[in-house]
Amino acid sequence: MITTGFIGNGKSTNRYHMPFILKTGKFKVKTIYNRSLKEDWAKVEGAVYTTDLDQLLHDPEIELVVVTTPLSNHYESAKKALLAGKHVLLEKPFTRTLSEAKELFELAREKGLMLQGYHNRRFDADFLTTQKVIQSQKLGKLQELEMHYDYFRPEVPESVTEFSIDTSFLYNHGCHTLDQVISYFGKPDHVHFDLRQLLGEGRMNDYFDIDLTYGELKVSVKSSYFRLKERPSFVVYGDKGVFIKASKDRQEEDLKKFYLPEHADFGLDRPQDYGILSYMEGGQFHEEKVVSEVGDYSLFYDALYDTLKHGAEPLVKEEQTLLLMSLLEEGIATLQK
């Protein structure tokens with residue numbers, strides 16, 4: 001087992017990491033550091049909770065440090081862990097700037113350590129199902145793909161009275177969808193950004209619409225905090241058909257209810273959640289429901305284990321993270337001109 005420490009003990013650690021790292025049975029969570037020992041979350045059995053970061057960093061048994069602090073602390077915490085000789089898994093968004101990301105990767109290389117971003121949403125059911133449909137070739141030649149990540153939560157941007165990268169919708173949610181695009185399609189030929197502050201200049205970035213082109217294919221990534229009715233999670237158009245996956249992956253929905261992965265039906269789509277594939281074949285129209293792939297964030301930790309113990313290539317590659325950071329930085333700059 002890989003002995004692991006966590007820097008941070010909030011929602012990210014306890015909702016989006018702990019259920020999945022423990023599910024694998026391949027990691028021992030030894031130490032969890034937080035600035036204060038609040039009792040907001042159930043404690044991990046056998047783990048030591050501390051307000052002394054050095055207790056974690058100077059423990060020779062700890063091989064891997066998972067950083068789940070707010071974005072403002074990512075660079076500092078990751079750098080400390082690398083300097084202490086630990087492999088690092090860094091929550092998304094990776095850092096505030098591309099230059100910070102480059103510096104951390106260079107330090108990891110110098111130390112002979114692994115540094116990787118936690119892009120668990122590569123294992124979202126809607127994303128995996130969309131890949132399956134594309135690979136079936138029933139859509140024909142791809143022409144356009146739309147990805148939406150919408151909310152109706154006006155209270156969120158209304159509660160933020162000034163603009164910052166740390167609270168921007170692009171950094172905090174665009175990092176999910178843009179990474180999915182990069183992981184499947186690679187580096188785009190061209191990118192067009194449309195970022196907005198729907199509550200006015202100087203307020204929170206609460207909307208984005210990004211077009212990425214790959215030859216003749218256009219991939220659009222769109223998100224808003226003001227969508228009373230959400231747009232479909234994925235819509236894919238080809239010259240022979242269309243696939244519409246209306247609902248998002250359900251793992252987060254279950255986690256918010258503290259319905260955890262030990263349940264056999266955790267995160268599973270129901271028949272009413274299945275996407276609809278419509279296509280022409282042999283001059284005939286066909287329409288069918290597509291049974292969703294199973295989303296499972298623990299697969300990220302399985303891949304991480306294979307990298308650390310068996311030398312497998314990292315799931316999230318350095319060049320993918322740097323490309324993502326360059327897109328986030330370029331996009332947010334359009335609001336700062």
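Taking only Cα atoms, what is the 0 to 90° angle, nearest 10, from helix 318-333's long axis to the longest principal axis of the chain?
Relative to the chain, helix 318-333 is tipped by roughly 70 degrees.
When we measure straight from the Cα of residue 229, which aspartates and glutamates land under 14 angstrom away, once same-chain ones fewer than 8 places off are left out?
150
Which residue, 108, 264, 303, tops the fluctuation ranking in a GNM of the chain built on C-alpha contacts under 10 Å?
In this elastic network of the chain, the residue with the biggest mean-square fluctuation among 108, 264, 303 is 264.
Would you calculate the separation in nanometres between label points at residue 107 and residue 196, each defined as 7 Å from the Cα along the Cα-to-beta-carbon direction?
3.9
With +1 on each Lys and Arg Cβ and -1 on each Asp and Glu Cβ, how big is the dipole of the chain about its Cα centre, in debye rounded to the nearest 20?
The dipole magnitude comes to about 300 debye.
Using the Cα gyration tensor of the range 14-90, with a ≥ b ≥ c the square roots of its eigenvalues, what is the shape: rounded (a/c below 1.5), prolate (a/b larger than b/c) or oblate (neither)?
Because its axes are fairly even, with a/c under 1.5, the range 14-90 counts as rounded.
Which lysines does residue 222 reach when only Cα atoms under 20 Å apart count, and residues fewer than 8 places away in its own chain are ignored?
Within reach: 92, 187, 245, 248.
Please order 179, 194 by the number of other Cβ within 10 Å, starting at the fewest.
194, 179
Determine the shape class of the range 204-335: with a ≥ b ≥ c the square roots of the Cα gyration tensor eigenvalues, call it rounded for a/c under 1.5, and otherwise prolate if a/b is greater than b/c, oblate otherwise.
Rounded shape, in that the Cα axes give a/c under 1.5.
Using only Cα atoms, find the angle between the long axis of helix 125-136 and the longest principal axis of the chain, and express it within 0 to 90 degrees, rounded to the nearest 10.
50
Among 21, 87, 4, flag the residue with its Cα farthest along the positive direction of the charge dipole of the range 1-152, charges on Cβ as +1 for Lys/Arg and -1 for Asp/Glu.
21
Most mobile of 284, 135, 116 per a Gaussian network model of the chain (Cα springs, under 10 Å)?
284
Using alpha carbons only, how many degrees (0 to 90, rounded to 10) separate the axis of helix 175-185 from the longest principal axis of the chain?
Taking the Cα atoms of the chain, the angle to 175-185 is about 60 degrees.
Take the alpha carbon atoms of the range 242-285, find their center, do the same for the range 6-52, and report the distance between the two centers in whole angstrom.
Centre-to-centre (Cα) distance: 30 Å.
Please state the relative contact order of the chain as a whole percent: Cα pairs under 8 Å, 6+ residues apart?
So the answer I get is 19 percent.
Could you work out [θ]222 nm for the chain from helices alone, using -39500 (n - 2.57) per DSSP H run of at least four and dividing by all its residues? Round to the nearest 500 deg cm²/dmol.
-8500 deg cm²/dmol
Please state the shape class of the chain: rounded when a/c is under 1.5, otherwise prolate if a/b exceeds b/c and oblate if not, all from the C-alpha gyration tensor.
Here the chain falls in the prolate category.
Every number in this text was worked out from the coordinates using simple rules, so none of it is lab data. Just so it is clear, the structure is predicted and the values come from calculations on it, not from any experiment. Here Cβ is always computed from backbone atoms with ideal geometry, including for glycine, and neighbour counts include all displayed protein chains.
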